[in-house]
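This report concerns only the one structure given below.
The values are calculated or read from the model by the stated rules, or taken from the named source; none is laboratory data. Fair warning: this is a prediction, and the values are worked out from it, not measured in the lab. Cβ sites come from the backbone with ideal geometry, for glycine too, and all protein chains shown count toward neighbours. For the accessible areas, the whole protein counts, side chains as well, though only heavy atoms, and no ligand, DNA or RNA atoms are used. Shrake-Rupley method; radii C 1.70, N 1.55, O 1.52, S 1.80 Å.
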Amino acid sequence: MGEQAVTGAGATPAPEQTPDATGEDAAAATGSAPAGPTTAGMTADGAAGTTTGVPGAGMAADAEGTSTAATERTADVVPGPGGVMTDEVGVVTGELTLRTGYADGQVTLTVQYKDADEWYTVTGGRVALADPAGLDAVHGIAVALLHRPEG
């Protein structure tokens, strides 16, 4: 990668950080420490300690034609006796596909008969989710709760 840079007025280079036979590095063995703040060579475009925000950097939600891969998960499930209650048609049973979708700060669970076109909202299957990074966890829990092929 690169060498560690030492910055600051009057700073002296840090002693070599090579471990000895006991696992201690040379700086620790001599009791010396680098003077002034240190960086890991990450100041090429600005002063040390400054950060630059880049709104939406790498976020599909800010781009046109967003991908659904980041906002929904699906899994085939077979619910136990009693099936899955939906808002639109009541109970659905048999082989189903569960979709966990995220939009506008909210997760919604929907199901469809496997390979069908219509999706039905799972009753009680809406909840606020502040961070879309939690979508995988919510989907995993929903699958674990609904997939009961042995009853």
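Among the numbered conditions (1) farther than 19 Å from Asp87 by Cα; (2) open to solvent by less than 80 Å² (accessible area, probe 1.4 Å); (3) without any contact (Cβ under 8 Å) to a residue 40 or more places away in the chain, tell me where Val107 comes up short. All conditions pass for Val107, except number (1). Residues of the range 56-96 that are assigned to a loop (DSSP other than H, G, I, E, B) and modelled with pLDDT under 55: Gly56, Ala57, Gly58, Met59, Ala63, Glu64, Gly65, Thr66, Ser67. Within the range 120-150, the only residue that satisfies the criterion of being closer than 15 Å to Ala75 by Cβ, of a type outside the set (Lys, Arg), out of contact with any Asp or Glu (no Cβ under 9 Å at 6 or more places or on another chain) and part of a loop (DSSP other than H, G, I, E, B) is Pro149. On inspection, Val111 qualifies as under 20 Å from Gly151 (Cβ atoms), β-branched (Val, Ile, Thr), in a strand (DSSP E or B) and in contact with a Ser or Thr (Cβ under 7 Å, 6 or more places away or on another chain).
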